[in-house]
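All of the numbers you see were taken from the coordinates with simple rules; none came from a lab. Bear in mind that the values here come from a model prediction, so they are computed numbers and not experimental data. Cβ coordinates were reconstructed from backbone atoms using ideal geometry, including for glycine residues, and neighbour counts include every protein chain displayed.
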Amino acid sequence: MTGIGYTLPSLVSIVVVVAWELTYLRTGLFRKSTYWATMAIVFAFQILVDGWLTKLSAPIVLYSPDHVSGIRFPWDIPIEDFFFGFSMITATLLLWEHHKKRKPKQQKMIQTTNEADA
């Protein structure tokens, strides 16, 4: 089990998303309790669905042992699924917050331009 095929990219995705927030976007998302509540809800449903899809007794989705770490928690879910889930949901919410912050600035610039034209 090398874990490079799925484990490494999933870990890199976390580092990239967190670095993107801390160095470029700076939305403050990680300080919001609503973000963490959202993640808890997402992970609760992920456990239910992913647990059913990856249960070792009757798997629907199979993972090559050569490409995962072999750590499964809970109910036979590869931990890499949680890493990618964190990265995908967080990246989406970061973009949402970033564009939400930009919109008022753009509207203010349009108003200023319109007032100057009047």
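FRET efficiency for the Leu8 to Thr38 pair, using the beta carbon distance and R₀ = 30 Å, is estimated at 0.65. Applying the Karplus relation 6.51 cos²θ - 1.76 cosθ + 1.60 with θ = phi - 60° to segment 31-42 yields 3J(HN,Hα) values of 8, 8, 5, 5, 5, 5, 5, 4, 5, 5, 5, 4 Hz, where x marks Gly and Pro. Here the contact order of segment 7-117, divided by its residue count and restricted to Cα pairs under 8 Å and six or more residues apart, works out to 36 percent.
As a rough footprinting exposure proxy, the listed residues Phe84, Phe45 were ranked by other beta carbons within 10 Å of their own, and the order from fewest upward is Phe45, Phe84.
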